[in-house]
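So the structure is just underneath, and the comments pick up after that.
The values are calculated or read from the model by the stated rules, or taken from the named source; none is laboratory data. Only a predicted model underlies this, so the values are computations on that prediction, with no experimental measurement involved. When we count neighbours, we look across all protein chains shown, and the Cβ atoms used for this are built from the backbone with ideal geometry, even at glycine. With ligands, DNA and RNA removed, areas are computed over all heavy atoms of the protein, side chains included. Shrake-Rupley method; radii C 1.70, N 1.55, O 1.52, S 1.80 Å.
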Amino acid sequence: MKASEFPLDKTDRSSTELSLGAEQRPALYRYVESPSAEGTAAAGYDSLTDYWNILLRHKKTLIGFALVGLAAALVISLVQTPTYRVRTSLEIQDFNANFLDTKSVDPTDSNGSYASPEAYVETQAKILQSESLIERVIDKLNLDQERPATGWRGFASRVQRMFAKTSHVAEKEELIRRAQRNLTVRASGNSRLLEVMYESPDPKLAADFANTLVSEFIVQSQEMRWKSTQRTAEWLTNHLDEMKTKLEQSEGQLQDYARSSGLSFTSEKENLAESRLKEIQDELSKAQADRIANQSKFEEAKSKPADSLPEMLEDPTMREYRQKLTELQRQYVELSATLTPEHYKVQRVQAQINQLSSEMQRERANVLRRIGNEYAAALRRETLLAKAHDEQQQVVAEQSSKAIHYDTLKREVDSSRQLYESMLQRVRQAGLASAMRASNVLVVDPAKPPLLPYRPSYPMNSAIGLFGGVFLGFGFVLLRERVDRRISAPGDAQVYLDLPELGVIPLDEAAVSQQISNVLQPLRPSAALPPGSARKSPLGDCPELATWKRKPSLVAECARTTLTSILLPNQEGDRPRVVVLTSASPGDGKTTVACNLSIAMAEIGRKVLLIDGDLRRPRLNKLFGMANSWGLSDVLWADTPIETVPLSHLVHDTEVCGLSLLPGGSCGGNPANLFYSPRMSRLLTRLRMEFDMIMIDAPPMIHLADARVLGRFADGVILVVRAGQTTTESALLASQRFAEDGTRVLGTVLNSWDPKTSRGYGYGSYGNYQAYVAQ
């Protein structure tokens, strides 16, 4: 909202004066952006230090949850019935299935069919937990008979018998299921050891059950292997005679058929005609390859010049002839160069060349004739072998059907003989194996009755209850921190509002003690005061004057620290001279902060004016012991020009050196209309020339517009928040209102912060800090 948009008051002052007065005030402002919802939602715990501080602040709650969890764990442990656990270990050895070749005798092959030794061990573990094996143990130990139960289990069993009538079979099935729940069988890593554990309220019963289970498992495995071998031996014996008779019949049929068909064999597996056919076929293949090679040479000799044939080039005679011819031709050339063709030497060399050429021609003819003869011989040999192959193939074809039938009979004889011999051997081995009972299970550690119960474990349950309580307590604390939207510790306002935190004013314990004493004073018996004495005024211990009355106090030091943050120059290099202090809601302590900051400012030798801007509830005059007959409201309602009014008529000096006060005044009317008046601007302009710092104590601004109007005339606004009371929503709303108005917000001041409840912040512990300040 601009100054020209302010609504006019109900006086006779014109809007021109209002605009003029607004132009006379300093126009230098730093606008703050409205904090976004994302920034507020992102506020949380960014480091482990924040979580540690939360734990320290709520350590009593965490300790309470931990103690409750520990007590609950102990109670539950005491109520539970003691349970004892016994342990026994077994070694599952490799069963020697090749002993007496029993691996081939037993058709089931119970050990060799597993993919890995681990799979075999796991199978044995499942067998140990089978219902049939557990039933054998129950029958052997007579566990199905009535046993006196104790504790909660005995009570539960009696109640169950009262309301449910079950048969003996159902009771036995329930006993088996209960034993399966109490039984645990597991493999020890990649070894062949099995650990068998059983739990029971009776330690001796638990040991007996585990040992009996192992012994019955060994007996059962022996019985199963013996029965399998016995059945195999009986079956082999019954079928051995039948196999012998079948073998004799097959051999007789084979011999009769060989004699009647006239088949001849070089051995038990080869036919003579087939062997002859194979030999002729091999020779025919060689002859065809030889004929093809000679035919290729012959055709090449007819199509190419004779001298280019490989036979001509590789023939030693032709090679010698070519060398001689080359030499004679060289001599002829040399002689022709110096002699005439009619010379006898030339003619002699020419005659030798002609003779050598004739011999070479005859040798070429011989080579070509030899190639043709070789081709003709290869062709005749191929023809004869092909004819012999056809004749022999016809003979083999005539005997093929007979040979097929003979081979069929022979294979039947061979299989019958092999099966009979194998069965005879297996009958002997099975008879010997059935007489032996071996076991591949070795008991490593037998079970012994334990002395101490396995469950409940008091240390374990106590630790679980303790840590569970701490965990629930931490979750409860975090949930409460999330739900509690109040600003309670230093740094919270800066995170939620995105505004600098100028300082922290701690809780004044002396003022709190005095307030409690004042409340209890009327309830105490009245005592006569000494003559001439008077009751001590409570203003000496009020937190608003702590910086003046109790200079070495922690409140005073924190007020001076906050003033340092305010007086530091901004980015433009200027310092605020007119500051409005307000809060989001009543009771946040804005008056306390304003008074202490004004006193701290006056202590450093500055002229400070403190204005009571809360015209509805003025109280600064009471704090400093002054009358409220003349104040800010009276100045704004008066018609006298402010420039002509003496300063002593405008403000009052206080007992604090350098600090003046402008009370709220006794004139009625709407304070917002008074602040809209141009006299407010002229008043501040006049006071700027007289004082180094002007602090205005404005009313809460969420429901009242006074602080927003005053903020337009000031160089900045300080938002006071009360620890543990001001909510983030109200503080954020106040900050957004100032941002929308374009008012400069210098920062926030956290008031009434209790260092005892917020460890992790500040200058060491609270006691050490107080001792340091007292020095």
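Of the residues screened, THR564 is one that is β-branched (Val, Ile, Thr), open to solvent by 40 Å² or more (accessible area, probe 1.4 Å) and within 28 Å of THR728 (Cα to Cα). Among the residues of the range 453-507, those that are closer than 30 Å to SER200 by Cα, open to solvent by 50 Å² or more (accessible area, probe 1.4 Å) and of a type outside the set (Lys, Arg) comprise PRO453, TYR454, TYR458, PRO459, MET460, ILE464, LEU466, PHE467. The residues on offer are ILE696, ILE718, and the sole one that is aliphatic (A, V, I, L, M), under 21 Å from ASN628 (Cα atoms) and within 60 Å of the chain's Cα centre (by Cα) is ILE696.
Residue pairs whose Cβ atoms lie under 7 Å apart, sitting 6 or more positions apart in sequence or on different chains, and linking a residue in the range 623-641 that is over 10 Å from LEU661 (Cβ atoms) and in a helix (DSSP H, G or I) to a partner that is at pLDDT below 90 and open to solvent by 40 Å² or more (accessible area, probe 1.4 Å), are SER633/CYS667; SER633/GLY669; ASP634/SER666; ASP634/CYS667; TRP637/CYS667; TRP637/GLY669.
Among the residues of the range 188-228, write down those that are open to solvent by 30 Å² or more (accessible area, probe 1.4 Å), over 13 Å from LYS140 (Cβ atoms), out of contact with any Lys or Arg (no Cβ under 6 Å at 6 or more places or on another chain) and not hydrophobic (A, V, I, L, M, F, W, C). Result: SER188, GLY189, ASN190, SER191, ARG192, PRO201, ASP202, PRO203, LYS204, GLU223, ARG225, LYS227. Would you please name the residue that is farthest from the chain's Cα centre (by Cα), looking only at residues in the range 330-357 that are open to solvent by less than 90 Å² (accessible area, probe 1.4 Å) and closer than 27 Å to LEU368 by Cα? Within the range 330-357, the match that is farthest from the chain's Cα centre (by Cα) is ALA351. Just checking, does the range 573-586 include any residue being more than 21 Å from GLY664 (Cα to Cα), open to solvent by less than 60 Å² (accessible area, probe 1.4 Å) and touching a helix residue (DSSP H, G or I) at 6+ places or on another chain (Cβ under 9 Å)? Yes - at least one qualifying residue is present in the range 573-586. Scanning the range 346-380 for residues that are among the aliphatic types (A, V, I, L, M), closer than 23 Å to GLN323 by Cβ and without any contact (Cβ under 8 Å) to a residue 40 or more places away in the chain returns VAL346, VAL349, ALA351, ILE353, LEU356, ALA365.
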